[in-house]
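The values are calculated or read from the model by the stated rules, or taken from the named source; none is laboratory data. Please read these numbers as outputs of a predicted model, since none were measured by experiment. With ideal geometry, Cβ positions are generated from the backbone for all residues, glycine too; neighbour counts draw on all protein chains shown.
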Amino acid sequence: MSRTRCRNCVLEDFCESGKRRAETGDRNLVKDQAFQRRTFDFGIRCVRLVEALPKSMVAQTIGRQLLRAATSVGANYRAAVRGRSRGDFLSRMGIVEEECDESLYWVEALIELGFISPERAEQLRKEANEIIAITVSSIKTARKNSKN
């Protein structure tokens with residue numbers, strides 16, 4: 001049995017982890033990294049969308065709002081994963097949820113104003129809704145686990 005750092009250890013530097021626990025930790029790390037990549041890619045796709053907007057004052061103003069909110073999603077998720085406590089994690093995940101929802105709002109505003117077509121934004125809207133759903137689920141699970 002190998003010695004590995006356990007996420008739950010506070011007082012001890014290392015603990016003996018069984019194979020099952022190590023595998024679960026590895027799987028969670030992969031999930032964290034995959035979702036971290038998704039949130040990063042979401043921000044990048046929104047940046048590219050904003051770059052393609054018309055140069056009108058309204059489009060650029062809404063584009064800046066979208067840019068701020070969308071890039072904040074990945075940054076705050078990254079901060080949540082590196083959080084020092086469950087409370088820090090929950091706080092950051094709440095910000096991820098809010099910023100992603102706000103991004104969705106600005107994309108819908110751009111569609112309604114005719115700056116982008118609904119078809120062009122469909123995949124982006126779908127991704128935003130999935131990120132929100134995953135984030136909400138994560139928050140609920142973390143809250144449930146903190147009560148145990």
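Numbers below:
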{"read-out": "Hits in the range 47-66 - residues which are β-branched (V, I, T) and within 17 Å of E112 (Cβ to Cβ)", "value": "V50, V58, T61, I62"}
{"read-out": "Among (1) in a helix (DSSP H, G or I); (2) free of Cβ contacts under 8 Å to residues at least 12 places away in the same chain; (3) under 21 Å from Q33 (Cα atoms) - the single one Q60 does not satisfy", "value": "(3)"}
{"read-out": "Residue within the range 39-49 that is touching a residue at least 60 places away in the same chain (Cβ under 8 Å), not in a helix (DSSP H, G or I) and not aromatic (F, W, Y) present", "value": "no"}
{"read-out": "Those residues of the range 121-133 which are surrounded by fewer than 15 Cβ atoms within 10 Å (Cβ to Cβ) and not hydrophobic (A, V, I, L, M, F, W, C), in sequence order", "value": "E122, Q123, K126, N129, E130"}
{"read-out": "Any hit, the range 96-109, residues being buried (at least 19 other Cβ atoms within 10 Å of the Cβ) and without any contact (Cβ under 8 Å) to a residue 40 or more places away in the chain", "value": "yes"}
{"read-out": "Residue list for the range 42-84, filter: among the small types (G, A, S) and over 29 Å from I139 (Cα atoms)", "value": "A52, S56, A59"}
{"read-out": "Single match in V96, V81, V30 (criterion: touching a Ser or Thr at 6+ places or on another chain (Cβ under 6 Å) and either under 30 Å from K144 (Cα atoms) or of a type in the set (F, W, Y) (or both))", "value": "V96"}
{"read-out": "Residue, nearest to the chain's Cα centre (by Cα), within the range 55-97, restricted to residues that are within 20 Å of V107 (Cα to Cα) and of a type in the set (K, R)", "value": "R68"}
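Condition check ((1) surrounded by fewer than 18 Cβ atoms within 10 Å (Cβ to Cβ); (2) at pLDDT 95 or above) across all residues:
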{"position": "F40", "(1), (2)": "yes, yes"}
{"position": "C46", "(1), (2)": "no, yes"}
{"position": "L49", "(1), (2)": "no, yes"}
{"position": "S56", "(1), (2)": "yes, yes"}
{"position": "I62", "(1), (2)": "no, yes"}
{"position": "L67", "(1), (2)": "no, yes"}
{"position": "T71", "(1), (2)": "no, yes"}
{"position": "A75", "(1), (2)": "yes, yes"}
{"position": "R84", "(1), (2)": "yes, no"}
